[in-house]
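The values are calculated or read from the model by the stated rules, or taken from the named source; none is laboratory data. Keep in mind that what you see is a predicted model, and the values were worked out from it rather than measured. Cβ coordinates were reconstructed from backbone atoms using ideal geometry, including for glycine residues, and neighbour counts include every protein chain displayed.
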Amino acid sequence: MMSGGSDLSSTNSHSHPQPPHHPPVPRPYHPRPPPRHHKTIAGSSFDSSHSPVASPLSTVGHMAYLPPPPPPRRGTGTLDETSKTSVRHFSMMEDTHMGSSSAPPDVDRKPPPSQRLPPPPTRTIALGDKLPPARRVPSDESDESAGEEEDPKSRAAESMPDSSRASRRPPRLACHEYSEANIHVPAHVGIVAVAGHIFVVASHHHVRIYDLSISEAPLFDLDAKALGFSKEVKVTSMEFRCASAERDKGRYLWLGTKEGHLLELDVTSGVVVGTKTSVHASTVTHVLRHGTAMVTVDDVGKALIFVWDPDQDDMYLSHHQPRVLRISDKQEFAQIFGGMLWTSSREPPVPAGSGSRGPMIRIYDIFTPGGVGRSVLPTEHVGTVTSGAILRTHPQHVYLGHEGGFVSIWNHNTRDRIPECLEVIKVSNSDVLSLEGVNERLWAGGRKGTIVAFDVAPRPWVVTNQWNAHAGLPLQKIVVDPLSIDKLGKLCVFSVGRDERIKLWDGLLGVDWIDSELLRQEQSFSTFRDMNILIASWNVDAAKPDALTGSPDNISFLNDVLRSVDSPDIIVFGFQELIDLESRKMAAKTVLLGGKKKGHHEGAISEKVSSSYKRWYDRLVYAVRLAMPPDTPYTVIHTENLVGLFTCIFVKNAEKVSLREVAIATVKRGMGGRYGNKGGIVARMVVDDSSVCFINCHLAAGQRHVRQRNADIAAILEAKAVFPESEAVEESVGFVGGGDGSMVLDHEIVFINGDMNYRIDQRRDAAVSCVKNNEYHTLVIHDQLMKEMKHNAGFRLRSFLEGPLLFPPTYKYDRRSTEYDSSEKRRIPAWCDRVLWRSQDPERVKQLHYKRYEADVSDHRPISAGFRLTVKSIRHDARAEVRAQVRENWVVHERELLESVRAFFVDHSLL
């Protein structure tokens, strides 16, 4: 019998009679001699090479160690589960530490070599002992989101470049007499070289030469015979060589073939003027130009360096003997930066967590005779190197693009000429397939056909431009044409995509410069007027509108909200948890029946919406009719719901004629974007010539799920194709950043309201004390949303504004009470419910009020915010005159930029 427990037979009360209870009597035992490696801990002893079972009853602190209980005898019943566990535990320890079960227990055996370091002592719960209490989640770790795993992209969303201010207008460039649209580049096998008006496309044994100043049809279509070979040769690489005379720059093209040949082609005549047959033993993978030198590389590790002396004649291929350099074979990436050849091969994939820092990057000093190669590694594991670039604004850095969406940054201007990896930045969720330095921006292309331009000066980087270049298909390359500066008077960038087309882009992004100047002068061609906006937000916690009874605060709640702004022109109600999200039946019903048509107008509400939505809809319509003057009628222009979220927008009838481009949509964020239990309802309209967007959201819950909330808001703001494109993209001036209205941040003014779930990082008692003493300024310091805005450079709401929090935290209350959560979880009070806004011109939005109400039928208190909004009407004839003047100013500014870019190309041997 053990103290505080029962003996083994007591667990089998159905099989054996209960023995009488007696006080515990210590049982005598004879201790064994201390074994080898005897150690003492906390006044007790155990053997580091044996099980701690040293006596019938010994203790270390409060841990009890028992000898293995005897197995049940036949016919005496069975052990209960606790006894079975103990038997299994001690039998295993006997086998491990004391040899076989037949050996005497007091024999000191030497353990085998593999078991000389046994596990540490095991805490064992004695039979009948009370189990220790289950570990409780601290009060600041709410389990509200226990059923949802954190989005694996949440961490990446914070560190990725901010695209909230990016322009989506493609910087198209039309600098030729004829369009490049009809030039066909076969996927996978087509390669392209461009010099001013000249475009050369090679695929297999065909080479086509275009001059877009003459015709859009090829001037020459050359095959193997025209190239001087009786058998077919496959062109695998090409580049224009350097030349002394301006007229010869962009005239002579070097071609490398699969058979190891090098050819020199005069693109003006279509004639091969020089050859070196079989100069390489295998496929020529790269032909590179660097100042007055040409470098060719094959896939078996042979590099040829051709150096031209400017004091002599031009470097014709057949007249120059190259110097041979051995490098590693199978180099998929090869490029010259700062006179060094940077190479990298495709290496086998490395499992995550292996500690590898690959891929290996090998750098060769090719222009110094006797120079040796160096191998360097990035600071962390990234994918295969796909591309590289240097920037005019950061000439000491080399940027390498990697599969996996990473860019590694290297300092190549070190004292010992060994490049040093400075950092690795995640820029995309897909591979970076191409990278190019264009003036002050780093351009990257990926698998979705999008080109992204980064400003690399801030941390994290900022996306300044982002546009769909190749119909959603992967980009093969982005290349700057340095010769376009002299030949075209433009900085031409061309891209090649899997759509088998070449696209031309303005590397100086002139369209953005013109737009920013027009915005600065907008006052000169626009008229303005004010309108009032009222936004009410409330997590109703599945309360019905009929529950607004009892206290005066409940009864007058809707009337108080509607009268908080004098004659609002637009009224926005954004509710959350209109249904009980804890009810699986209700949530499932909403998920399954929620697929309805978007954009219900004139008060039409979906037939499939649950009765909860319908009741609130009817109550809101009734409340607006009662609160507003009879001569000022309102119309519902938007209603939408999403698994608990509900948006209802009213507009004065007098304002309906000024509205266009009205649309509404939803963005799901629950369970990694699969379900709508978290997410947002996004509504938009264009008032006169100003676009306004309203977002009603419910973000991830939980005290510590800040990163997941950040990812939710980033996904809502950056979701693609939320709305249909504007009906008049070219004429419309209501959208900003070159957008077509299909994305949230295309809109000039954006409001966000809802249960954002950002909490207060403070002890509950301290937070409650601050609330009682009205010390809100103390709590604001610990508010997660405020801290993210201040300290997280990648936070997508940093460009948004919020009024001062001069009211108590709105969460979490006991229902029908003024007390904060008194349940077992005792959640910390928090400002979960918020209203924020962003305007292209901050002066055009003025907040009238930001307050909360004391309706207590939910665990949240409702809030409202009033705004005075300035909208514009544009005089299009006056705008056209200003635009013409701005274009003339751009021509002057463009010339200055081209001079700076040209000087950079010359200094770095790119021109």
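Tabulated results
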{"quantity": "Candidate set: segment 561-592, residues that are hydrophobic (A, V, I, L, M, F, W, C) and surrounded by fewer than 17 Cβ atoms within 10 Å (Cβ to Cβ); chosen: the one modelled with the lowest pLDDT", "calculated": "LEU592"}
{"quantity": "Positions within segment 468-519 being farther than 17 Å from ILE198 by Cβ and touching a Cys at 6+ places or on another chain (Cβ under 7 Å), in sequence order", "calculated": "GLY507"}
{"quantity": "Selection status of LEU262, at pLDDT 95 or above, buried (at least 19 other Cβ atoms within 10 Å of the Cβ) and under 42 Å from the mean Cα position of the chain (by Cα)", "calculated": "no"}
{"quantity": "Count of segment 217-257 residues which are closer than 13 Å to VAL272 by Cβ and small (Gly, Ala, Ser)", "calculated": "3"}
{"quantity": "ILE874 being surrounded by fewer than 17 Cβ atoms within 10 Å (Cβ to Cβ) and touching a Ser or Thr at 6+ places or on another chain (Cβ under 8 Å)", "calculated": "yes"}
{"quantity": "Candidates ASP746, ASP740, ASP761, filtered to the one that is buried (at least 21 other Cβ atoms within 10 Å of the Cβ) and under 29 Å from the mean Cα position of the chain (by Cα)", "calculated": "ASP746"}
{"quantity": "Residues of segment 546-560 that turn out to be surrounded by fewer than 19 Cβ atoms within 10 Å (Cβ to Cβ) and in contact with a helix residue (DSSP H, G or I) (Cβ under 6 Å, 6 or more places away or on another chain), as a count", "calculated": "1"}
{"quantity": "Those helices (runs of 4 or more DSSP H) lying entirely in segment 690-801 with at least 1 residues without any contact (Cβ under 8 Å) to a residue 24 or more places away in the chain and assigned by TED's automatic domain parsing to the domain that holds GLU640", "calculated": "764-772, 776-780, 784-791"}
{"quantity": "Options HIS908, HIS893, HIS849; residue that is within 22 Å of PHE694 (Cβ to Cβ) and surrounded by fewer than 21 Cβ atoms within 10 Å (Cβ to Cβ)", "calculated": "HIS849"}
{"quantity": "Count of residues meeting criterion [surrounded by 18 or more Cβ atoms within 10 Å (Cβ to Cβ) and either within 12 Å of ASP499 (Cβ to Cβ) or without any contact (Cβ under 8 Å) to a residue 12 or more places away in the chain (or both)] in segment 184-203", "calculated": "2"}
{"quantity": "Residue in segment 635-644 that is modelled with pLDDT under 95 and over 25 Å from PRO724 (Cβ atoms) present", "calculated": "yes"}
{"quantity": "Checking GLU180 against (1) farther than 30 Å from TRP254 by Cβ; (2) at pLDDT 60 or above; (3) charged (D, E, K, R); (4) part of a loop (DSSP other than H, G, I, E, B), the condition it does not meet", "calculated": "(1)"}
